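First up is the structure itself, then whatever we jot down about it.
The values are calculated or read from the model by the stated rules, or taken from the named source; none is laboratory data. Because the structure is a prediction, the values reported are computed rather than measured. Cβ atoms come from the backbone with ideal geometry, glycine included; neighbour counts cover every protein chain shown.
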Amino acid sequence: MSPITKRNTPELPFTVGVALDGAGWHPAAWREPTARATEIFSAGYWHDLIDRADTAGIDYATIEDALRLQSAHPFGRRSVGALPPRPQPAIVEGRLDALLIASWIAPRTRGIGLIPTVTTTHTEPFHVATALQTLDHVSEGRAGWQLRFSGEPAAAAAFGRKPAPAIDFERVVTGASDAGLDELIGEAADAAEVARRLWDSWEDDAVIRDVATGKFLDRDRVHHIDFAGERFSVVGPSIVPRSPQGQLPVTLLAHSTPVYELAARAADVVFVTPESRSARSGASRGSSVAEIVSAVRAAEQEADRDALGLQPLRIVADLVVALDTAEERAEDRLARLDALAETGFESDAALAVGSADEIAALIDDWRDAGIDGVRLRPLALPSDLEAIADALLPRLRERGLAAEPDDPRTLRERFGLARAVNRYAAETAGETVEAAA
């Protein structure tokens, strides 16, 4: 069956996740009467959101983060010596660290996958990998990673370690090759490879805890990774024992062929933005689901994922949602928020406004066009998250697009990914066989 027409199967379940950020994806959402604007930077706020999604049976929650304030342009340039852009007073600026939020919430939730955004640029791959392993341990196998790279001058200036690459934004949005962007992508690919090697550096049975012999671990089952690249080298091993999933699902958001290619060689899940008319969707602007799926699958075929030890890439479509409620039509809520912001809402992802039945039908159509799941971005929090849980999820279940809440599963299992094979354990087994012969 063609990958463009396949439907989900028990081996490849259709997933439903939510993307959480601040007070919601509309810049004026913090001014909603139901918003909890005074609590956005509190642990309780994030716990309540993710616990609600967990109780409803949502597969996973991604937590947004970046190395810049929300108002800074992703590839904005500024002259040498100029001050970074000033924060904007009318929108939510600032975030709590996504990985730390996930680590705090993990033992306080039961089944939901937790996927914090962690940027590779300016950060040490070793620290990123071990922190994510720790999250997988404390969540008992529910952790993932939304990989992100940073081309922002403001982020580079904040760290002060290296300048931001020169990126031609006009070329990037058309999907054309750009040397600065290629450098960021190459560095992100190296960071992902280092993380995967570190996650494998301890075999599953390396920790033996043999009291009689006084051996806590079998040192022959702990491996140096000896990664040497153009940008950095890492000897390893990890300082964190192998975590429950072995390999955490790596995800990333992509709008163009160069980033589809990064996903094909480094990720397990790629978030895409079909049917968006906004320039913020870059090279994917105006592309249908089928067109984007075809482009991603073409990149995947070129990557030889089997040789990389990766399973087929999961394609998940992002969708901003504003749902009707008993108190108010979503269309009226959007109009009110646009009036407060003094501009129409715009996002890199398509916006769906209406009833749960209408939005469920749209998602069903997208599933038929080849996607493996949806990631819903609530327009306003917590109201649209409540509507997703109470109204949209039941409609999706009726269509076979969402599972009933069930016993806890690993995040790999939710995405239909088999347990990853440890590359170093395979080498050890081969050496043992050779020695025996």
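Restrict the check to the range 327-337 and report whether at least one residue is of a type in the set (A, V, I, L, M) and under 16 Å from R375 (Cβ atoms). Even if it seems obvious, please write down each step before you answer.
At the first step, the residues of the range 327-337 found to be of a type in the set (A, V, I, L, M) are 330, 334-335, 337.
From the residues that got through so far, the ones that are under 16 Å from R375 (Cβ atoms) too are none.
No: the range 327-337 contains no residue that is of a type in the set (A, V, I, L, M) and under 16 Å from R375 (Cβ atoms).
What pairs come out if I take residues in the range 27-50 that are without any contact (Cβ under 8 Å) to a residue 40 or more places away in the chain and pair them with residues that are surrounded by fewer than 14 Cβ atoms within 10 Å (Cβ to Cβ) and in a helix (DSSP H, G or I) whose C-beta lies under 8 Å away, six or more apart or interchain?
Y45/E39
Out of the range 154-185, which residues are within 17 Å of R265 (Cα to Cα) and touching a helix residue (DSSP H, G or I) at 6+ places or on another chain (Cβ under 9 Å)? Spell out the reasoning first.
Within the range 154-185, the subset within 17 Å of R265 (Cα to Cα) is 181-185.
L181, D182, I185 - these are the residues of the range 154-185 that are within 17 Å of R265 (Cα to Cα) and touching a helix residue (DSSP H, G or I) at 6+ places or on another chain (Cβ under 9 Å).
Give the residue, chosen from V240, V211, V222, that is more than 28 Å from L411 (Cα to Cα), aliphatic (A, V, I, L, M), surrounded by fewer than 22 Cβ atoms within 10 Å (Cβ to Cβ) and modelled with pLDDT of 95 or more. Quick ask: steps written out before the conclusion?
Values: V240 fails: more than 28 Å from L411 (Cα to Cα); V222 fails: more than 28 Å from L411 (Cα to Cα).
Unique residue meeting the criteria: V211.
Here is a list of conditions, (1) closer than 21 Å to A420 by Cα; (2) of a type in the set (F, W, Y); (3) modelled with pLDDT under 95, and F232 meets all of them except one; can you say which number that is?
The one condition F232 does not meet is (1).
Could you say which residue among A339, A335, A361 is surrounded by fewer than 16 Cβ atoms within 10 Å (Cβ to Cβ), under 20 Å from L396 (Cα atoms) and small (G, A, S)? First the steps, then the outcome.
Working: A339 fails: under 20 Å from L396 (Cα atoms); A335 fails: under 20 Å from L396 (Cα atoms).
Going through A339, A335, A361 in turn, the sole match is A361.
Scan the range 353-373 residue by residue and report those that are in a helix (DSSP H, G or I) and acidic (D, E).
Pass one, the range 353-373, residues in a helix (DSSP H, G or I): 356-368.
Scanning the range 353-373 gives D357, E358, D364, D365, D368.
Just to be sure before I move on: is A283 of a type outside the set (S, T, Y) and surrounded by fewer than 18 Cβ atoms within 10 Å (Cβ to Cβ) in the structure I sent? Walk me through it before giving the result.
Working: of a type outside the set (S, T, Y): yes; surrounded by fewer than 18 Cβ atoms within 10 Å (Cβ to Cβ): no.
For A283, the condition - of a type outside the set (S, T, Y) and surrounded by fewer than 18 Cβ atoms within 10 Å (Cβ to Cβ) - is not met.
Being touching a Lys or Arg at 6+ places or on another chain (Cβ under 9 Å) and either more than 23 Å from R280 (Cα to Cα) or crowded, with 23+ Cβ neighbours inside 10 Å (or both) is the filter here; which residues of the range 154-177 pass it? It would help to see each step written out before you state the result.
Initially, the range 154-177 is screened for residues touching a Lys or Arg at 6+ places or on another chain (Cβ under 9 Å), giving 154-158, 164, 166-167, 169, 173, 177.
Listed by number, the residues that qualify are A157, A158.
Test T130 against the stated conditions and say whether it is out of contact with any helix residue (DSSP H, G or I) (no Cβ under 6 Å at 6 or more places or on another chain), assigned to a helix (DSSP H, G or I), surrounded by 15 or more Cβ atoms within 10 Å (Cβ to Cβ) and polar (S, T, N, Q).
On the way: out of contact with any helix residue (DSSP H, G or I) (no Cβ under 6 Å at 6 or more places or on another chain): yes; assigned to a helix (DSSP H, G or I): yes; surrounded by 15 or more Cβ atoms within 10 Å (Cβ to Cβ): yes; polar (S, T, N, Q): yes.
Answer is yes for this residue.
Report whether or not A90 is in a helix (DSSP H, G or I) and either in contact (Cβ under 8 Å) with a residue 12 or more places away in the chain or hydroxyl-bearing (S, T, Y) (or both).
Values: in a helix (DSSP H, G or I): no; either in contact (Cβ under 8 Å) with a residue 12 or more places away in the chain or hydroxyl-bearing (S, T, Y) (or both): yes.
The answer is no for A90.
Return yes or no: is L96 hydrophobic (A, V, I, L, M, F, W, C), in contact with a helix residue (DSSP H, G or I) (Cβ under 9 Å, 6 or more places away or on another chain) and under 15 Å from Y60 (Cβ atoms)?
The answer is no for L96.
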